[in-house]
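The structure under discussion appears below in the form of structure tokens.
The values are calculated or read from the model by the stated rules, or taken from the named source; none is laboratory data. From a predicted model like this one, the values you see are computed outputs, not experimental measurements. Cβ atoms come from the backbone with ideal geometry, glycine included; neighbour counts cover every protein chain shown. For accessibility, only protein heavy atoms count, side chains too; no ligands or nucleic acids. Shrake-Rupley method; radii C 1.70, N 1.55, O 1.52, S 1.80 Å.
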Amino acid sequence: AGLCDNAKDEVSKIETLILTELVDATAYFAQQVVQNPSDDDNKADLYGVAWALIPLIKDSNAEQTIRNNVGLSVNTLSQPMVDQVLSALKTFVSEANISCTLLDTAICDAESLVPQTGVSGVNSAV
């Protein structure tokens, strides 16, 4: 049982690092799309990473915010929408216990979404 427990701990750490990258990339590309709206590569990157992250978000308000502002509106993304996305990402970061020291973007400086309507987290594939 000891080796299995160790493996589960390591898998959990890896999952957290993957989530960290998805969160960071979503925030980064959202900011890039607003700064350069004609860059379709940034839009494609944002769309891809956001849709990779969306099914992993358990907080329904955070999930819906990212879905509506990025997943369904990537071509019309504005700074107020990015601010909402950053707030949704902060909610997810807090609930998924992702350390702000691992993030390169301004997520942890954003206001969390209020009220939170669910519980974020990731179901392990293990």
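Is it fair to say ASP9 is at pLDDT 90 or above, loosely packed, with under 14 Cβ neighbours inside 10 Å and more than 9 Å from the chain's Cα centre (by Cα)?
So ASP9 does not fit the description; no.
Can you tell me which condition THR65 does not meet? The list is (1) farther than 16 Å from ALA25 by Cα; (2) of a type outside the set (Asp, Glu); (3) surrounded by fewer than 18 Cβ atoms within 10 Å (Cβ to Cβ), and all the others hold.
Unmet condition: (3).
Would you check which residues across segment 86-99 are small (Gly, Ala, Ser) and either in a helix (DSSP H, G or I) or buried (at least 19 other Cβ atoms within 10 Å of the Cβ) (or both) and list them? It would help to see each step written out before you state the result.
Within segment 86-99, the first condition is being small (Gly, Ala, Ser), and the residues that meet it are 87-88, 94, 96, 99.
Result: SER87, ALA88, SER94, ALA96.
Among the residues that make up segment 15-34, is at least one of them open to solvent by 30 Å² or more (accessible area, probe 1.4 Å) and over 18 Å from ILE107 (Cα atoms)?
So far as segment 15-34 goes, yes, one or more of its residues are open to solvent by 30 Å² or more (accessible area, probe 1.4 Å) and over 18 Å from ILE107 (Cα atoms).
Under 9 Å between Cβ atoms, at least 6 apart or on separate chains: pull out the pairs that start in segment 28-41 with a residue that is touching a residue at least 60 places away in the same chain (Cβ under 8 Å) and end on any residue that is part of a helix (DSSP H, G or I) and of a type in the set (Gly, Ala, Ser).
GLN31/ALA106
Would you tally the residues in segment 35-49 being within 24 Å of LEU19 (Cα to Cα) and open to solvent by less than 60 Å² (accessible area, probe 1.4 Å)?
5
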